[in-house]
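Dumping the structure here so I can ask a few things about it.
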Amino acid sequence: MEFVEGTIEEEKKFGGLVFPKTLNPPKNDGDQGVEYGSSELIEMVKAKREWLEELLQRHSAILFRGFRVDSAEEFGRVVEGFGWEEMEYWGVASRFKVAHRVHTTNESPPDKFITFHHEMSLIKDCPSKLFFFCSQPPPIGGETSIVPSSIVVEKMEEKLPEFVADLMEKGCVFGRSLPKGNDTNIISGRSWKWFLQTEDQDEAKQRATERLRSCSINFNKDGSADLVFGPLNPIQELEGKRVWFNTILGYTSNEKDMKVSFGDGSALPSEAFETFKQILNENCVDLKWQKGDVLLLDNFTVQHARRPGKPPRTVLVSVCK
Ligand code: FE2
(Lines give C-alpha, C1' and ligand atoms only; values in the text may rest on other atoms or scores of the structure.)
Protein backbone atom coordinates (compact mmCIF):
# COMPACT_ATOMS: atom_id res chain seq x y z
CA MET A 1 0.00 0.00 0.00
CA GLU A 2 1.49 3.30 -1.11
CA PHE A 3 0.36 6.82 -0.35
CA VAL A 4 -0.85 8.76 -3.37
CA GLU A 5 0.32 12.35 -3.50
CA GLY A 6 -2.73 14.56 -3.75
CA THR A 7 -3.65 18.21 -3.94
CA ILE A 8 -6.15 20.52 -2.30
CA GLU A 9 -7.57 23.71 -3.70
CA GLU A 10 -6.26 25.88 -0.86
CA GLU A 11 -2.61 24.78 -1.01
CA LYS A 12 0.18 27.25 -1.74
CA LYS A 13 3.79 26.95 -2.85
CA PHE A 14 6.78 28.36 -1.00
CA GLY A 15 10.24 28.00 -2.50
CA GLY A 16 8.80 25.52 -4.99
CA LEU A 17 7.39 23.29 -2.24
CA VAL A 18 3.70 22.70 -1.82
CA PHE A 19 2.15 23.62 1.55
CA PRO A 20 0.62 21.53 2.96
CA LYS A 21 1.63 18.29 1.23
CA THR A 22 -1.48 16.14 0.79
CA LEU A 23 -1.39 12.35 0.94
CA ASN A 24 -4.32 10.21 -0.12
CA PRO A 25 -4.97 6.47 0.11
CA PRO A 26 -3.99 4.21 -2.78
CA LYS A 27 -6.38 4.38 -5.75
CA ASN A 28 -9.13 1.78 -5.84
CA ASP A 29 -9.20 -0.69 -8.71
CA GLY A 30 -12.56 -0.89 -10.42
CA ASP A 31 -15.69 -0.52 -8.39
CA GLN A 32 -14.94 -3.06 -5.72
CA GLY A 33 -13.30 -0.29 -3.81
CA VAL A 34 -11.32 -1.15 -0.73
CA GLU A 35 -11.91 1.34 2.03
CA TYR A 36 -8.87 2.72 3.73
CA GLY A 37 -9.58 3.17 7.40
CA SER A 38 -7.38 3.98 10.37
CA SER A 39 -5.79 0.52 10.54
CA GLU A 40 -4.62 0.79 6.91
CA LEU A 41 -3.37 4.32 7.56
CA ILE A 42 -1.44 3.14 10.64
CA GLU A 43 0.10 0.29 8.66
CA MET A 44 1.16 2.68 5.89
CA VAL A 45 2.55 5.21 8.38
CA LYS A 46 4.63 2.52 10.09
CA ALA A 47 5.98 1.27 6.77
CA LYS A 48 6.87 4.78 5.61
CA ARG A 49 8.03 6.48 8.80
CA GLU A 50 11.36 7.70 7.52
CA TRP A 51 9.91 8.94 4.26
CA LEU A 52 7.17 10.79 6.15
CA GLU A 53 9.71 12.43 8.46
CA GLU A 54 11.69 13.65 5.47
CA LEU A 55 8.51 14.87 3.82
CA LEU A 56 7.55 16.76 6.96
CA GLN A 57 10.98 18.33 7.19
CA ARG A 58 10.66 19.55 3.60
CA HIS A 59 7.03 20.67 3.56
CA SER A 60 6.43 21.40 7.30
CA ALA A 61 2.79 20.27 7.01
CA ILE A 62 1.19 17.05 5.76
CA LEU A 63 -2.53 16.48 5.30
CA PHE A 64 -3.78 12.90 5.28
CA ARG A 65 -7.08 13.00 3.45
CA GLY A 66 -9.45 10.28 2.33
CA PHE A 67 -8.74 7.77 5.08
CA ARG A 68 -11.72 6.76 7.16
CA VAL A 69 -10.54 7.81 10.60
CA ASP A 70 -13.70 7.78 12.68
CA SER A 71 -13.05 8.48 16.32
CA ALA A 72 -10.75 10.09 18.87
CA GLU A 73 -9.44 6.64 19.79
CA GLU A 74 -8.60 5.81 16.20
CA PHE A 75 -6.89 9.18 15.82
CA GLY A 76 -4.82 8.47 18.96
CA ARG A 77 -3.70 5.17 17.44
CA VAL A 78 -2.74 6.89 14.18
CA VAL A 79 -0.58 9.33 16.20
CA GLU A 80 1.03 6.36 17.99
CA GLY A 81 1.88 4.87 14.60
CA PHE A 82 4.38 7.66 13.94
CA GLY A 83 6.41 6.51 16.94
CA TRP A 84 7.08 9.95 18.42
CA GLU A 85 7.22 10.35 22.15
CA GLU A 86 3.97 11.16 23.88
CA MET A 87 3.55 14.56 25.48
CA GLU A 88 0.80 15.75 27.80
CA TYR A 89 -0.90 18.97 26.81
CA TRP A 90 -0.12 21.72 29.30
CA GLY A 91 -1.35 25.18 28.57
CA VAL A 92 -3.91 27.86 29.26
CA ALA A 93 -6.47 26.82 26.63
CA SER A 94 -9.53 24.98 27.91
CA ARG A 95 -9.04 21.49 26.58
CA PHE A 96 -10.36 18.15 27.67
CA LYS A 97 -8.75 14.78 27.27
CA VAL A 98 -11.02 12.58 25.16
CA ALA A 99 -8.78 9.58 24.39
CA HIS A 100 -5.21 8.38 24.85
CA ARG A 101 -2.96 11.20 23.51
CA VAL A 102 -6.01 13.18 22.33
CA HIS A 103 -7.56 16.44 23.55
CA THR A 104 -10.26 18.79 22.33
CA THR A 105 -8.63 21.86 20.74
CA ASN A 106 -10.24 24.80 22.48
CA GLU A 107 -13.56 24.99 24.28
CA SER A 108 -14.01 28.69 23.59
CA PRO A 109 -17.02 29.53 21.34
CA PRO A 110 -16.28 28.76 17.66
CA ASP A 111 -17.15 32.29 16.54
CA LYS A 112 -13.93 33.54 18.19
CA PHE A 113 -10.80 33.90 16.08
CA ILE A 114 -7.73 32.28 17.63
CA THR A 115 -4.69 34.18 16.41
CA PHE A 116 -1.68 32.60 14.70
CA HIS A 117 0.76 30.95 17.09
CA HIS A 118 3.19 28.11 17.61
CA GLU A 119 1.68 25.65 20.07
CA MET A 120 2.77 26.20 23.70
CA SER A 121 5.45 28.64 22.56
CA LEU A 122 5.75 30.38 25.94
CA ILE A 123 6.49 27.07 27.64
CA LYS A 124 10.09 25.86 27.86
CA ASP A 125 9.23 22.29 26.92
CA CYS A 126 7.02 22.80 23.89
CA PRO A 127 6.00 20.14 21.36
CA SER A 128 7.94 19.61 18.16
CA LYS A 129 4.98 18.10 16.34
CA LEU A 130 1.30 18.69 16.36
CA PHE A 131 -1.59 16.65 14.94
CA PHE A 132 -5.12 17.80 14.28
CA PHE A 133 -8.03 15.54 13.42
CA CYS A 134 -11.44 16.59 12.18
CA SER A 135 -14.40 14.37 13.03
CA GLN A 136 -17.03 17.04 12.40
CA PRO A 137 -16.32 19.73 9.82
CA PRO A 138 -18.05 23.03 10.59
CA PRO A 139 -20.89 24.04 8.26
CA ILE A 140 -19.48 27.56 7.83
CA GLY A 141 -15.97 28.90 8.47
CA GLY A 142 -13.93 27.33 11.27
CA GLU A 143 -10.92 26.66 9.04
CA THR A 144 -7.61 25.88 10.68
CA SER A 145 -5.24 28.32 9.15
CA ILE A 146 -1.54 27.50 8.77
CA VAL A 147 1.45 29.53 7.66
CA PRO A 148 5.18 28.77 7.32
CA SER A 149 6.76 30.84 10.08
CA SER A 150 9.98 31.45 8.12
CA ILE A 151 7.94 33.24 5.44
CA VAL A 152 6.66 35.61 8.13
CA VAL A 153 10.25 36.50 9.07
CA GLU A 154 11.29 36.84 5.44
CA LYS A 155 8.38 39.14 4.51
CA MET A 156 8.66 41.24 7.68
CA GLU A 157 12.35 41.79 6.96
CA GLU A 158 11.51 42.77 3.42
CA LYS A 159 8.87 45.28 4.50
CA LEU A 160 10.10 46.54 7.88
CA PRO A 161 13.82 45.73 8.19
CA GLU A 162 14.52 48.33 10.88
CA PHE A 163 11.67 47.16 13.05
CA VAL A 164 12.82 43.55 12.84
CA ALA A 165 16.40 44.54 13.72
CA ASP A 166 15.11 46.54 16.68
CA LEU A 167 12.97 43.67 17.86
CA MET A 168 15.83 41.21 17.71
CA GLU A 169 18.01 43.56 19.70
CA LYS A 170 15.53 44.62 22.38
CA GLY A 171 13.30 41.57 22.49
CA CYS A 172 9.62 41.64 23.32
CA VAL A 173 7.56 41.50 26.49
CA PHE A 174 4.28 39.58 26.29
CA GLY A 175 1.43 39.89 28.76
CA ARG A 176 -1.17 37.24 29.44
CA SER A 177 -3.96 37.35 31.92
CA LEU A 178 -5.45 34.28 33.52
CA PRO A 179 -8.89 34.33 35.15
CA LYS A 180 -9.73 33.54 38.77
CA GLY A 181 -11.63 30.41 37.79
CA ASN A 182 -11.68 28.25 34.67
CA ASP A 183 -13.77 29.92 31.99
CA THR A 184 -14.51 28.09 28.73
CA ASN A 185 -15.93 31.28 27.26
CA ILE A 186 -12.51 32.78 26.69
CA ILE A 187 -9.64 31.50 24.59
CA SER A 188 -7.06 31.36 27.39
CA GLY A 189 -9.68 30.15 29.82
CA ARG A 190 -7.65 28.33 32.45
CA SER A 191 -7.21 29.85 35.89
CA TRP A 192 -3.67 30.32 37.19
CA LYS A 193 -4.44 27.78 39.92
CA TRP A 194 -5.40 25.15 37.39
CA PHE A 195 -2.55 26.04 35.03
CA LEU A 196 0.17 26.00 37.69
CA GLN A 197 -1.51 23.25 39.70
CA THR A 198 -1.34 25.04 43.02
CA GLU A 199 -3.35 27.47 45.14
CA ASP A 200 -0.21 28.86 46.70
CA GLN A 201 1.14 32.05 45.14
CA ASP A 202 4.80 31.40 46.02
CA GLU A 203 4.64 27.91 44.64
CA ALA A 204 2.93 29.28 41.52
CA LYS A 205 5.82 31.73 41.03
CA GLN A 206 8.35 28.97 41.40
CA ARG A 207 6.59 26.72 38.90
CA ALA A 208 6.29 29.56 36.44
CA THR A 209 10.06 30.15 36.67
CA GLU A 210 10.78 26.48 36.20
CA ARG A 211 8.43 25.71 33.34
CA LEU A 212 7.72 28.94 31.48
CA ARG A 213 10.02 31.05 29.35
CA SER A 214 11.23 34.04 31.34
CA CYS A 215 7.97 34.55 33.22
CA SER A 216 6.96 36.63 36.24
CA ILE A 217 3.49 36.74 37.81
CA ASN A 218 1.43 39.48 39.42
CA PHE A 219 -1.58 38.40 41.43
CA ASN A 220 -4.57 40.71 41.28
CA LYS A 221 -7.07 41.47 44.06
CA ASP A 222 -9.93 40.03 42.01
CA GLY A 223 -8.23 36.61 42.06
CA SER A 224 -6.92 36.76 38.49
CA ALA A 225 -3.22 36.79 37.65
CA ASP A 226 -1.13 38.64 35.06
CA LEU A 227 1.75 36.72 33.58
CA VAL A 228 4.56 38.70 31.99
CA PHE A 229 6.96 36.91 29.64
CA GLY A 230 10.23 38.29 28.45
CA PRO A 231 12.06 40.09 27.15
CA LEU A 232 12.21 37.36 24.53
CA ASN A 233 13.43 37.56 20.96
CA PRO A 234 10.38 36.41 18.96
CA ILE A 235 12.58 35.40 16.06
CA GLN A 236 14.38 32.13 16.65
CA GLU A 237 16.38 29.69 14.64
CA LEU A 238 14.71 26.29 14.78
CA GLU A 239 15.35 23.30 12.54
CA GLY A 240 17.65 25.41 10.40
CA LYS A 241 14.97 28.02 9.72
CA ARG A 242 14.47 31.50 11.13
CA VAL A 243 10.93 31.45 12.49
CA TRP A 244 8.64 34.00 14.14
CA PHE A 245 8.13 31.95 17.28
CA ASN A 246 6.24 34.39 19.52
CA THR A 247 3.49 36.50 18.07
CA ILE A 248 3.54 40.27 18.47
CA LEU A 249 -0.26 40.31 18.15
CA GLY A 250 -0.81 38.74 21.56
CA TYR A 251 -2.15 35.27 22.06
CA THR A 252 -5.85 35.95 22.34
CA SER A 253 -8.29 38.75 21.81
CA ASN A 254 -8.54 39.37 25.58
CA GLU A 255 -7.43 42.94 26.08
CA LYS A 256 -4.68 42.15 28.58
CA ASP A 257 -3.31 39.38 26.40
CA MET A 258 -2.73 41.89 23.62
CA LYS A 259 -0.14 43.72 25.68
CA VAL A 260 3.09 43.38 23.77
CA SER A 261 5.94 45.87 23.95
CA PHE A 262 9.64 46.07 23.22
CA GLY A 263 11.88 44.64 25.94
CA ASP A 264 12.64 48.16 27.18
CA GLY A 265 8.92 48.86 27.68
CA SER A 266 8.53 51.11 24.63
CA ALA A 267 5.58 50.55 22.32
CA LEU A 268 5.75 48.66 19.06
CA PRO A 269 4.90 50.86 16.05
CA SER A 270 1.31 50.40 14.91
CA GLU A 271 2.40 49.76 11.31
CA ALA A 272 4.24 46.66 12.58
CA PHE A 273 0.96 45.11 13.75
CA GLU A 274 -0.79 45.92 10.48
CA THR A 275 2.04 44.60 8.33
CA PHE A 276 2.35 41.47 10.46
CA LYS A 277 -1.39 40.73 10.15
CA GLN A 278 -1.30 41.36 6.43
CA ILE A 279 1.64 38.99 5.92
CA LEU A 280 -0.07 36.26 7.91
CA ASN A 281 -3.28 36.61 5.96
CA GLU A 282 -1.60 36.78 2.56
CA ASN A 283 0.58 33.75 3.10
CA CYS A 284 -1.60 31.40 5.11
CA VAL A 285 -3.60 28.44 3.91
CA ASP A 286 -7.12 28.32 5.35
CA LEU A 287 -7.68 24.61 5.49
CA LYS A 288 -11.31 23.65 4.86
CA TRP A 289 -11.77 20.56 6.96
CA GLN A 290 -13.23 17.34 5.64
CA LYS A 291 -14.41 14.56 7.90
CA GLY A 292 -11.56 12.19 8.76
CA ASP A 293 -8.75 14.64 7.88
CA VAL A 294 -5.54 14.28 9.86
CA LEU A 295 -3.13 17.22 9.67
CA LEU A 296 0.46 16.90 10.84
CA LEU A 297 2.43 20.08 11.53
CA ASP A 298 6.03 20.76 12.44
CA ASN A 299 5.31 23.00 15.42
CA PHE A 300 8.73 24.64 15.22
CA THR A 301 8.24 25.90 11.69
CA VAL A 302 4.48 26.34 11.23
CA GLN A 303 2.06 28.71 12.95
CA HIS A 304 -1.62 27.86 13.18
CA ALA A 305 -4.84 29.75 13.89
CA ARG A 306 -8.58 29.07 14.06
CA ARG A 307 -10.93 31.08 11.86
CA PRO A 308 -14.32 31.99 13.32
CA GLY A 309 -17.05 29.57 12.29
CA LYS A 310 -20.39 28.06 13.11
CA PRO A 311 -20.92 24.96 15.22
CA PRO A 312 -20.93 22.02 15.20
CA ARG A 313 -17.17 21.72 14.74
CA THR A 314 -15.05 18.93 16.20
CA VAL A 315 -11.32 19.21 15.68
CA LEU A 316 -9.11 17.29 18.09
CA VAL A 317 -5.42 17.72 18.82
CA SER A 318 -2.42 15.65 19.87
CA VAL A 319 1.04 16.96 20.70
CA CYS A 320 4.36 15.08 20.51
CA LYS A 321 7.71 15.81 22.16
FE1 FE2 B 1 -3.00 26.09 19.11
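Calculate, for S216 and K27, the FRET efficiency according to 1/(1 + (r/R0)^6) with r their C-beta to C-beta distance and R0 51 Å; round to the nearest 0.05.
Step by step, r from the Cβ atoms, then E = 0.35.
For F273 and A99, FRET efficiency with R0 = 35 Å and r from the beta-carbon atoms, rounded to 0.05?
Using R0 = 35 Å, I get an efficiency of 0.35.
Still on this structure: Please go through the range 254-321 and write out the chymotrypsin sites (Phe, Trp or Tyr not before Pro) that DSSP classes as loop and that have at most 15 other C-beta atoms within 10 Å.
none
Alpha carbon centre of the range 149-184 versus the range 51-111: separation in Å?
26 Å
Using only C-alpha atoms and all pairs of different ones, pull out the Kirkwood radius for the range 150-280 in Å with one decimal.
Over the range 150-280, the inverse of the mean reciprocal pair distance is 15.8 Å.
Take the Cβ-Cβ distance between S266 and E203 as r, set R0 to 41 Å, and report the resulting FRET efficiency rounded to the nearest 0.05.
Efficiency for this residue pair is about 0.75.
Which is the longest stretch in the chain that no exposed loop site breaks, taking sites as GluC sites (Glu not before Pro) with a DSSP loop state and at most 13 other Cβ atoms within 10 Å?
The longest uninterrupted stretch comes out as 89-198.
I would also like to ask the following. Quick check: pseudo-label points 7 Å beyond the Cα along Cα→Cβ at K321 and N233, how many nm apart are they?
That separation, rounded to one decimal, is 2.8 nm.
At 1.4 Å probe radius, can you tell me the per residue accessible area of the range 150-280 in Å²?
Here the per-residue accessible area is 49 Å².
Another question, if that's okay. Over the range 150-280, what is the mean sequence separation of C-alpha contacts under 8 Å (at least six apart), divided by residue count, expressed as relative contact order in percent?
The normalised contact order for the range 150-280 reaches 34 percent.
Find the Cα radius of gyration of the chain, compare it with 2.2 N^0.38 Å by division, and give the number to two decimals.
1.01
Suppose each label sits 7 Å from its Cα in the direction of the beta carbon; what would the D111-E9 distance come out to in nanometres?
The answer from the label model is 2.6 nm.
Still on this model: In debye, nearest 20: dipole of the chain around its Cα centre with unit charges on the Cβ of K, R (+) and D, E (-)?
Roughly 520 debye for the chain.
With a bin width of 10 angstrom, please list the P(r) values of the range 22-166 as percents of all Cα-Cα pairs, from the 0 bin to the one holding the largest distance.
The calculated distribution, bin by bin, is 9, 31, 36, 18, 6, 1, 0.
Of the cross-linked pairs K129/K221; K97/K155; K48/K159; K180/K241; K129/K291; K277/K310, which ones have a Cα-Cα span greater than 32 Å in the structure shown?
Pairs exceeding 32 Å: K129/K221; K97/K155; K48/K159; K180/K241.
Ignoring any ligand, DNA or RNA, what whole percent of the accessible area of the chain comes from carbon and sulfur when the probe is 1.4 angstrom?
That share works out to 46 percent.
Pick out, in residue order, every one of the chymotrypsin sites (Phe, Trp or Tyr not before Pro) in the range 1-109 that is DSSP loop and has at most 13 other C-beta atoms within 10 Å; say none if there are none.
F96
Right, another one. Compute the distance in nm between two label points, each set 7 Å from the Cα along the Cα-to-Cβ direction, one at E169 and one at E50.
4.8 nm
The values are calculated or read from the model by the stated rules, or taken from the named source; none is laboratory data. Keep in mind that this is a model prediction, so the values were computed, not measured. Using ideal geometry, Cβ is built from the backbone for each residue, glycine included, and neighbour counts are taken over all protein chains shown. Protein only, heavy atoms only, side chains kept; ligands, DNA and RNA dropped before computing areas. Shrake-Rupley method; radii C 1.70, N 1.55, O 1.52, S 1.80 Å.
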